[in-house]
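Since the structure comes first, as structure tokens, the remarks are kept for the end.
The values are calculated or read from the model by the stated rules, or taken from the named source; none is laboratory data. These numbers were taken from a predicted model, which means no experiment stands behind them. No Cβ is skipped: glycine too gets one built from the backbone with ideal geometry, and neighbour counts run over all protein chains shown.
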Amino acid sequence: MGDPKGFLRIDRPFPGDPLRDPADRVGDYHEIIRLLPIVEVEEQATRCMQCAVPFCHSGCPLSNLIPEWNELVEQGRWREAIDRLHATNNFPEFTGLTCPAPCEPACTLEINAEPVMIKHIELSIIEKAFQEGWVQPETVDHRSGHRVAVVGSGPAGLAAAEQLNRAGHRVTVFERDEAPGGLLRFGIPDFKLEKEIVERRVRVMEASGIDIRCGVDVGVDITAEALRADHDAVVIAVGARLHRELNVPGAKHEGVHLAMDYLYDRNRAIASRSNGQRHEGAITAAGKHVVVIGGGDTGADCIANSLREGAASVTQLDRYPHPEGTRPREIVGWPDQPRRYPSTYALDEGATKRTAITHEIVGDGQRITGVRISDTSGPPDFGPIPGTEQVLPADLVLVAIGFERPARDAFLQQLDLPEDDRGNVRADDFRTSAPDVFACGDARMGQSIVVHAINEGRLCASSVDRFLVGEASTLPSG
């Protein structure tokens, strides 16, 4: 560490990510995060105390080598820093923009100060690496002769594909949508992850020898049996897209939509503009009173999209109350990460949040006119507070209350694999009951964050590689 007192001398300038001003960013779809100048990033890296026991490692599902690349950045050795970052994380640009950064609440500085800006340093490393041309297609000197099919091109599927390609196997990724990326492309809005960032990485992967085939619905366009016959191993990385049902009267009225249907629609609309086409979208919040049911990240993305469309009003209903405290250490205690914070980037842009439960979607015929709610004191019973019932005006309701499990589409029906008690594909050590079929990501563990998905893909690839070549596997197993 260049400055053993850096954590005392240099302040963290931003509590959280350095974001563009809400009044400015709500008018466009560009990324809300703004990169700090290199000199400030290097100063932030100096704040890392190089702890003998780096708790940031335990906070990161990928076990990123955070103190190591912090030190390299502090010394201006950015070319070496990207190598250390890529050693554990295939896609630091995805995590640098979308990960909730559980490493930061685990930083030792969080005990009584602002933590190191780990996520921002990570993002700065990968962006500088692309700018300098350091991210290049990997040359695979030896091919094993084995063929692997990866079904699904989200972060888990792409991570598995890249690792298996590195091991010398011929990898084909099958994606049923029109472009790769899964929720990175269609679920996360451009203002959190511009799609050129996804395209940029996909181009590198394809140039490395990975075959990515879009518009192929495995189970329909090609049967699971035919896929297995043509490949030595199959990886299931289809995600967990079956939504939780809103079980209240009126939930099926016209004007009530699943959050992910709305986000997919809006992402396609924005993509069409950048391609010089015109896709208006089937679901719009423009000029409407919008109610978003659900307090998680998906709900926040619905809020921010609605505001950018020009909604008349946006109200978020979350049955959990605001947490007490403002810092992670005040909310849950160090080194854990809170499930909820007092606010979100989306609420800062102009929406209203209510701690409330939904009783009914009110409609005039089949069209919604409002949402009947009551305030609630929250867990454990989430009961209504007497005397607080009211009807919020609503023209559009977006349901963002999470996902249950993978959808039982034709592909999974044809495989007919055992499930765990939550309905996910059962895969111990990423192996299903079929010896040549593996599963990873949300399809195996349930809905989670991007950093977990990348880790799942990496570990699954190691399991597949051991199946194909035995103990001669060259991929890291943990």
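When segment 417-434 is filtered for residues that are out of contact with any helix residue (DSSP H, G or I) (no Cβ under 9 Å at 6 or more places or on another chain), among the acidic types (Asp, Glu) and either more than 23 Å from ASP465 (Cα to Cα) or in contact (Cβ under 8 Å) with a residue 60 or more places away in the chain (or both), the ones remaining, listed by number, are GLU419, ASP421.
For every residue, the table says whether it meets (1) in contact with a strand residue (DSSP E or B) (Cβ under 6 Å, 6 or more places away or on another chain); (2) assigned to a helix (DSSP H, G or I); (3) modelled with pLDDT of 95 or more.
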position	(1), (2), (3)
VAL41	no, yes, yes
CYS48	no, no, yes
SER58	no, yes, no
PRO61	no, no, no
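Every condition in (1) buried (at least 17 other Cβ atoms within 10 Å of the Cβ); (2) modelled with pLDDT under 95 holds for ARG244 except the one numbered (1). Against the definition (under 30 Å from ASP465 (Cβ atoms), touching a residue at least 24 places away in the same chain (Cβ under 8 Å) and of a type in the set (A, V, I, L, M)), how does ALA443 come out, yes or no? For ALA443, the condition - under 30 Å from ASP465 (Cβ atoms), touching a residue at least 24 places away in the same chain (Cβ under 8 Å) and of a type in the set (A, V, I, L, M) - is met.
At least 1 residues that are on the phi < 0 side of the Ramachandran plot and free of Cβ contacts under 8 Å to residues at least 12 places away in the same chain in each: list the helices (runs of 4 or more DSSP H) lying fully within segment 107-187 that qualify.
Working: elements: 118-132, 155-166, 183-186.
Qualifying helices (runs of 4 or more DSSP H): 118-132.
Residues of segment 91-106 that are part of a loop (DSSP other than H, G, I, E, B) and closer than 13 Å to ASN64 by Cβ: PHE91, CYS99, ALA101, PRO102, CYS103, GLU104, ALA106. Summed over segment 191-230, residues that are part of a helix (DSSP H, G or I), closer than 20 Å to PHE411 by Cβ, without any contact (Cβ under 8 Å) to a residue 24 or more places away in the chain and of a type in the set (Asp, Glu) total 0.
Could you tell me whether ARG340 is surrounded by 15 or more Cβ atoms within 10 Å (Cβ to Cβ) and touching a residue at least 60 places away in the same chain (Cβ under 8 Å)? Full working, then the answer.
Working: surrounded by 15 or more Cβ atoms within 10 Å (Cβ to Cβ): yes; touching a residue at least 60 places away in the same chain (Cβ under 8 Å): no.
Spelling it out, it is not the case that ARG340 is surrounded by 15 or more Cβ atoms within 10 Å (Cβ to Cβ) and touching a residue at least 60 places away in the same chain (Cβ under 8 Å).
If you go through segment 415-430, how many residues are in a strand (DSSP E or B) and hydrophobic (A, V, I, L, M, F, W, C)? The total comes to 1.
Residue check: is ARG327 surrounded by 14 or more Cβ atoms within 10 Å (Cβ to Cβ), modelled with pLDDT under 95 and basic (Lys, Arg)? Taking the combined requirement at face value, the residue satisfies it. Considering segment 385-443, and only residues there that are hydroxyl-bearing (Ser, Thr, Tyr) and outside the structural domain of ASN305 (by TED's automatic domain parsing), the residue that is nearest to CYS302 (Cα to Cα) turns out to be THR432.
Taken together, LEU72, LEU85, LEU97 contain a single residue that is outside the structural domain of ALA461 (by TED's automatic domain parsing) and more than 24 Å from GLY457 (Cα to Cα), which is LEU72. Candidates in segment 209-241 are the residues that are over 14 Å from VAL150 (Cβ atoms) and in contact with a helix residue (DSSP H, G or I) (Cβ under 8 Å, 6 or more places away or on another chain); of these, the one that is surrounded by the fewest Cβ atoms within 10 Å (Cβ to Cβ) is GLU225.
Report those strands (runs of 3 or more DSSP E) wholly inside segment 310-414 carrying at least 3 residues which are more than 30 Å from ILE236 (Cβ to Cβ).
Values: elements: 313-318, 352-364, 367-375, 390-393, 396-399, 403-405.
Output list reads 313-318, 352-364, 367-375, 390-393.
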